[in-house]
Amino acid sequence: MTVFAGDGHGSGFFVDDGYLLTNQHVVSGAKFVKVRTVTGREVLGEVLVTNATRDIALIKTESVGLTGLPLRLEDPALSSQVFVIGTPLDPDLQSTVSSGIVSAFRSENDGGYIQSDVNVQPGNSGGPMFDENGNVIGITVSGRMDFGVPRGVNMFIPIADRIKALGVSVSRNN
């Protein structure tokens, strides 16, 4: 999904029909956002809850007939292959897929991160990180850039941390 808030855009994904996750910095304080599905359908979304510390937002839309993606709440193994889907740089690039490996697990004051060399560009924020079985394991949060050039050092917050930060429960999909 592509999430539009203000003049910017980011990525997101459905965890259930009508409920999607993205980053808090993607919605940037907006109460309502526009969501474009993979089929091109655009719907209004209401931001239900956010957590700025863990950079997560839950958005509710009308039913769009899409089931939620399966979630894997355990961390992936180091060096395992991962995939990221998002809308990098331009909304016309929606559903761009990149792959890489899990390089490390990092801990910062605000929590843990999965580090990967998956290609991340502005607009990928809020998009899902998948394991090789198609389960969401993390959400794109940032990519290291020096002088405007991506460096292949990218951070993803584990999906279990995001769900916990929102104070909601989900059924285990895998």
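One table, with the values for the structure above:
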item: Boolean, V38 is surrounded by fewer than 16 Cβ atoms within 10 Å (Cβ to Cβ), touching a helix residue (DSSP H, G or I) at 6+ places or on another chain (Cβ under 7 Å) and over 17 Å from F156 (Cα atoms); result: no
item: In the stretch 54-107, the residues that are among the hydroxyl-bearing types (S, T, Y), touching a strand residue (DSSP E or B) at 6+ places or on another chain (Cβ under 8 Å), surrounded by fewer than 18 Cβ atoms within 10 Å (Cβ to Cβ) and under 21 Å from V27 (Cβ atoms); result: S95
item: Restricting the stretch 73-87 to residues that are within 15 Å of the chain's Cα centre (by Cα) and either modelled with pLDDT under 95 or assigned to a strand (DSSP E or B) (or both), the residue that is nearest to D16 (Cα to Cα); result: L73
item: Cross-chain or 6+ apart pairs with Cβ under 7 Å, the stretch 14-43 first and under 15 Å from A57 (Cβ atoms), then among the acidic types (D, E) and surrounded by 15 or more Cβ atoms within 10 Å (Cβ to Cβ); result: N23/D55; Q24/D55; H25/D55
item: Unique residue being within 24 Å of T53 (Cα to Cα), β-branched (V, I, T), modelled with pLDDT under 95 and not assigned by TED's automatic domain parsing to the domain that holds V49 when the list is V102, V118; result: V118
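The values are calculated or read from the model by the stated rules, or taken from the named source; none is laboratory data. No experiment lies behind these values; they were computed from the predicted model shown. A quick note on method: Cβ atoms are made from the backbone with ideal geometry, for glycine too, and the neighbour counts reach across all protein chains shown.
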